[in-house]
Amino acid sequence: MNDHKDIRVSLRNLEIDDYIHLKEAMLQAYSDIGGLHWTQSQIETLVNLFPQGQLCVEVNDVVVACALSIIIDYKKFGDRHTYNQITGNDTFSTHSPDGDILYGIEVFVHPDYRGLRLARRLYDARKELCESLNLRAIMAGGRMPNYKKHSKELTPRQYLNKVEIKEIYDPVLTFQISNGFQVKKILKNYLPEDTQSLEFATLLQWHNIYYEKEESPINITKSTVRLGLVQWQMRSHPNFDSLIEQIEFFVDSVSDYSSDFILFPELINAPLMAPYNNMGTAEAMRELAKYTEPLLDKFKSFAVSYNINIITGSMPIINEKGSLQNVSYLCHRSGEVDEYRKVHITPNERETWGMVGGDKIKVFDTDCGKIGIVVCYDVEFPELIRLLADQGMNILFVPFLTDTQNGYMRVRNCAMARAVENECYVAIAGCVGNLPKVNNMDIQYAQSAVFTPSDFAFPTNSIKAETTPNTEMTLIVDVDLDLLKELHSHGSVRIMKDRRTDLYELRLKKE
């Protein structure tokens, strides 16, 4: 069909009555290998057995393209199988509604209609079907019809490599790769009738990124996660209980919105240093560290009683060696507790307070997926965040404290970069106001925010939401983890996948 004007194209499920047109399209599509075609009885069996899996495209009310598939329990076959084994010698007795793989057993387009990209429509519909049925993947054995022309000088593997880098065009394999399929292995003796491929085939796989293994509903990880950020006003507190009252107020308020996480800023307990203002700043910070354990106990209690995961901001501790460190706790609503010790210490923290850095880099498993926590200055080191991203982190939480606007902009701009380059969400929360009676903590500047990757599914400026600068308030934000899955596999660019690991690598030297 050379003239594409005045045509009507529709995609639908195949019906038994379509067989007359279907047979003609098959004969033309496979004329190069003797006009291979399905019998009417076989089509009837497939349509009755699995109607959703049999797709066709009609042009001007004539069926000209088709895609057939079944569901299989893949562990019964494994990676070494033939076409006849998969189809049960064309009886389709292998179809299993409770299986985990949508197996493509046929795709063809009438040669007169190949300029309309009908195969792409069929493949897109097949992917939607795989997702809607919550199947793990689509798999198929792909022909290599041009291999016979190159078989004297190339092995099947060499031929595949040249097709992948586009030195050779193969009408089937090139199309499959361009549609997101990965070649898992080369199959031998897959389809005896396929003399053009010399009976070789590629085992193709397309992963369903939305696949969820069947679990109890109470254990299913949420796809939409609600974050609550506290932009904390530094103010004088006469005692520990007064500080706790203010913390509980925010936990209560944010939990009322059914938030999954609440993020507090760095060193929110700094007002408790006021009684020690007559001491040196390093000694005063060590006195503040004495409040950390009772403060953590309160946070643990709030996490359980208000049913919310709490990132506690940060607070000082004296470690096992007697050194001062800056620690952030993750208080799970289940009652468990994880900790992260700030790795990168600023010159001021080192020289004024005598702080030292931590040496543990890890992500944390939560009931809302994998998260990372770093503290303020840490976010300015891209290697650290990339190590977390390599461990599967979806959301990065950054409690911070900055005194000047340019200090804040360092944190903000680096946090935005980390969201883009690691294809994750980044939430930052800071302190505002002043503490005139606490040395080295005089003023604070902050504008808390949630940043996103940069692609069509996200805000054009990569800012999901942000607070009013220098005003005490909360920020409630929903983030969609499924959008990250889509970005990883189908984004305009795929930063995490396109790294040149053949040229460089990043590794953690200390486990």
> Out of the residues in the stretch 322-342 that are touching a helix residue (DSSP H, G or I) at 6+ places or on another chain (Cβ under 7 Å), of a type outside the set (Lys, Arg) and part of a loop (DSSP other than H, G, I, E, B), which is surrounded by the fewest Cβ atoms within 10 Å (Cβ to Cβ)?
Replying inline: Gly335
> Consider Asn134 against the criteria (1) within 22 Å of the chain's Cα centre (by Cα); (2) in contact (Cβ under 8 Å) with a residue 24 or more places away in the chain; (3) surrounded by 15 or more Cβ atoms within 10 Å (Cβ to Cβ): it satisfies all of them except one. Which criterion is unmet?
Replying inline: (3)
> So which of Val337, Val304 ends up being touching a residue at least 40 places away in the same chain (Cβ under 8 Å) and not polar (S, T, N, Q)?
Replying inline: Val337
> Within the bounds of the stretch 403-412, is there any residue that is over 20 Å from Asp480 (Cα atoms), within 28 Å of the chain's Cα centre (by Cα) and surrounded by fewer than 16 Cβ atoms within 10 Å (Cβ to Cβ)?
Replying inline: yes
> Going by the structure shown, is Val426 at pLDDT 95 or above, assigned to a strand (DSSP E or B) and not small (Gly, Ala, Ser)?
Replying inline: yes
> Among the residues of the stretch 95-106, is any at pLDDT 90 or above, under 16 Å from Leu173 (Cα atoms) and hydrophobic (A, V, I, L, M, F, W, C)?
Replying inline: yes
> of a type outside the set (A, V, I, L, M), closer than 19 Å to Tyr190 by Cα and in the same structural domain as Ala201 (by TED's automatic domain parsing): does that describe Tyr30?
Replying inline: yes
>> Residues that are under 33 Å from the mean Cα position of the chain (by Cα): list the helices (runs of 4 or more DSSP H) wholly contained in the stretch 225-321 that include at least 1 such residues.
In response: 240-255, 292-305
>> Restricting to the stretch 48-73, give me the number of residues that are closer than 16 Å to Ile20 by Cβ and of a type in the set (Asp, Glu).
In response: 2
>> Restricting to the stretch 137-148, name every residue that is crowded, with 17+ Cβ neighbours inside 10 Å and out of contact with any His (no Cβ under 6 Å at 6 or more places or on another chain).
In response: Ile138, Met139, Ala140, Gly141, Gly142, Arg143, Met144, Pro145, Asn146, Tyr147
> Looking at (1) part of a helix (DSSP H, G or I); (2) under 30 Å from Gly280 (Cα atoms), can you tell me which one Lys437 breaks?
Replying inline: (1)
>> Name the single residue that is surrounded by the fewest Cβ atoms within 10 Å (Cβ to Cβ) among those in the stretch 343-380 being of a type in the set (Ser, Thr, Tyr) and farther than 22 Å from Glu283 by Cβ.
In response: Thr366
> How about the stretch 128-143: which of its residues are within 24 Å of Ile186 (Cβ to Cβ) and not hydrophobic (A, V, I, L, M, F, W, C)?
Replying inline: Arg136, Gly141, Gly142, Arg143
> Can you name the helices (runs of 4 or more DSSP H) wholly within the stretch 133-224 that have at least 1 residues being touching a strand residue (DSSP E or B) at 6+ places or on another chain (Cβ under 8 Å)?
Replying inline: 156-164, 173-178
> What residue, of Gln85, Gln28, Gln52, Gln42, is touching a Pro at 6+ places or on another chain (Cβ under 6 Å) and outside any loop (DSSP other than H, G, I, E, B)?
Replying inline: Gln28
>> Given the options Arg410, Arg350, Arg418, Arg386, name the one that is assigned to a helix (DSSP H, G or I), out of contact with any helix residue (DSSP H, G or I) (no Cβ under 9 Å at 6 or more places or on another chain) and among the basic types (Lys, Arg).
In response: Arg350
> Applying the selection to the stretch 462-482, what residues are farther than 30 Å from Tyr210 by Cα and assigned to a strand (DSSP E or B)?
Replying inline: Met473, Thr474
> Restricted to the stretch 440-461, and to residues that are of a type outside the set (A, V, I, L, M, F, W, C) and not in a loop (DSSP other than H, G, I, E, B), which residue is surrounded by the fewest Cβ atoms within 10 Å (Cβ to Cβ)?
Replying inline: Tyr445
> Here is a list of conditions, (1) assigned by TED's automatic domain parsing to the domain that holds Val450; (2) part of a loop (DSSP other than H, G, I, E, B), and Thr501 meets all of them except one; can you say which number that is?
Replying inline: (1)
> Among the listed residues Thr460, Thr452, which satisfies the condition of being free of Cβ contacts under 8 Å to residues at least 12 places away in the same chain and assigned by TED's automatic domain parsing to the domain that holds Arg410?
Replying inline: Thr460
> With respect to Gly392, is the statement that it is in the same structural domain as Met273 (by TED's automatic domain parsing), assigned to a strand (DSSP E or B) and modelled with pLDDT under 95 true?
Replying inline: no
> Any idea which of Asp90, Asp79 is in a loop (DSSP other than H, G, I, E, B), under 39 Å from the mean Cα position of the chain (by Cα) and either surrounded by 19 or more Cβ atoms within 10 Å (Cβ to Cβ) or in contact (Cβ under 8 Å) with a residue 60 or more places away in the chain (or both)?
Replying inline: Asp79
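The values are calculated or read from the model by the stated rules, or taken from the named source; none is laboratory data. Just so it is clear, the structure is predicted and the values come from calculations on it, not from any experiment. Because the Cβ atoms are built from the backbone with ideal geometry, glycine has one as well, and the counts that use them run over all protein chains shown.
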